[in-house]
Each structure stands twice: as C-alpha cells, then as structure tokens.
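The values are calculated or read from the model by the stated rules, or taken from the named source; none is laboratory data. In this text the structure is predicted, and so the values were computed from the model without any measurement. We place every Cβ from the backbone using ideal geometry, glycine too, and count neighbours over all the protein chains shown.
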Amino acid sequence: MSWEEVDDTHSRILRTALQMFTEQGYQRTSLRQIAERLRLTKAAILYHFPSKAHLLTDLAEPFVRDLEELLDRAEALPAGQARWSLLEGWVDVMLAHRHSLGMLYHDLALVDRGTDYQRLMRIAMRANEIVAGPNPAVRERVRAVQALAMCGDPVLFLTDVPERALREDMLDGVRRLLEDSPLATPPTTGTGADGPTAPAA
C-alpha cells in the first residue's frame, strides 16, 4: 500500500505537499504554508518530516521504487527480451506517475545531491546498461541513452495527450530509433517486464 492510499497524518501531509509543490513550486512552498493548509502546527510537520527535502524524498519513493523493481525484473531476462521489457515497462512507470513526475524530476535534482540523487543515478546507469546490451559499442550506448529519454520526456512535456495514445507513439518512436541498430530485436507488443501494463484510455 502506497502513501496515496492511507489517510493518516503522515500521508495527508504528503498529499498536501504534492498539491502545493505542483501549484506553486517546491522553492516557493514553505513547511509553514503546508501546516496552515492542514490546520496543523509547523512542529507537527517537523515531527513527521525533519526538513522539506524529506518530504520530497518520500513523495518520490513510489516512483523510484517502481523503477528499481522494473530493473530487477528486467535483469533476470535474456538480453534482447530484457531490453524491450525494460523500455515498455519504463514508459508504463512514467505514465503511472504522470501527475507528480514533472515536479519530482525537477526538484529532486535541485535539492538533493546526496543518497537519493545517487540512487536515481544508479537507476539510470542500470537502465542504460540493460538497453545497450552486453559489450556495447559507442553507438549502442548512445542509442540506449536516447531510447530511455524517449521513454520519459514526452510524459513530462505532452501532458495534454491521452495516456494510451502517448504510450503507443512513444514506443513506436523507440522502435524506429533502434530499428537500424544491433539493438533492434523484435519487441514484445504491449507488455512490460511483468506482463500487459498498457494504461486504460
């Protein structure tokens, strides 16, 4: 069960923080403002979250955890299958966290260069290695980075496009990018690393 599904004080603080960070930005939102909206004291917020950065880390946790679980599943597969399962699953994770993704992407990099930032960097490196495959040449490494960007950036910038159409076009773009390279193994249609995951219209 994620924090979004729980109605305790900790989870209510997270939901309100996400709403306010999305409305007015992380930097312009204070712990006091969050407390006032919840009719709590600032001390009550600090009891659950020692700093505003801790709020951001907890908000990002479901997204980061989903990526790590996707990587674990993909790494257990043969190289060609792992590549496409990861790419499809990556799109699905991005779409699943579409509401908060823009804020999380921008602000996690902005405020935290410590453990959580390093965790995100490890995720990116693992993903690039899976897509590039064993013993990749420079061209395959470049294509891997490009492919993963194509599996995330449209979610951030094309917020008006319905999820089903966006997913289809994103994966089609990745296939076209890789079709003339050694990475172009036949993709599995409509499946992420653990089976069908296409979002509903």
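Tally time: how many residues in segment 73-101 are in a helix (DSSP H, G or I) and within 30 Å of Glu23 (Cβ to Cβ)? Outline the logic, then answer.
To start, the set of residues in segment 73-101 that are in a helix (DSSP H, G or I) comprises 73-75, 79-96, 98-101.
Cutting the leftovers down to within 30 Å of Glu23 (Cβ to Cβ) gives us 90-96, 98-101.
Matching residues across segment 73-101 total 11.
Looking at segment 1-72, what helices (runs of 4 or more DSSP H) fall wholly within it and have at least 3 residues that are modelled with pLDDT under 90, farther than 30 Å from Trp84 by Cα and not assigned by TED's automatic domain parsing to the domain that holds Met121? Write out each step before concluding.
On the way: elements: 9-24, 31-38, 42-48.
In segment 1-72, 9-24 are the helices (runs of 4 or more DSSP H) which contain 3 or more residues that are modelled with pLDDT under 90, farther than 30 Å from Trp84 by Cα and not assigned by TED's automatic domain parsing to the domain that holds Met121.
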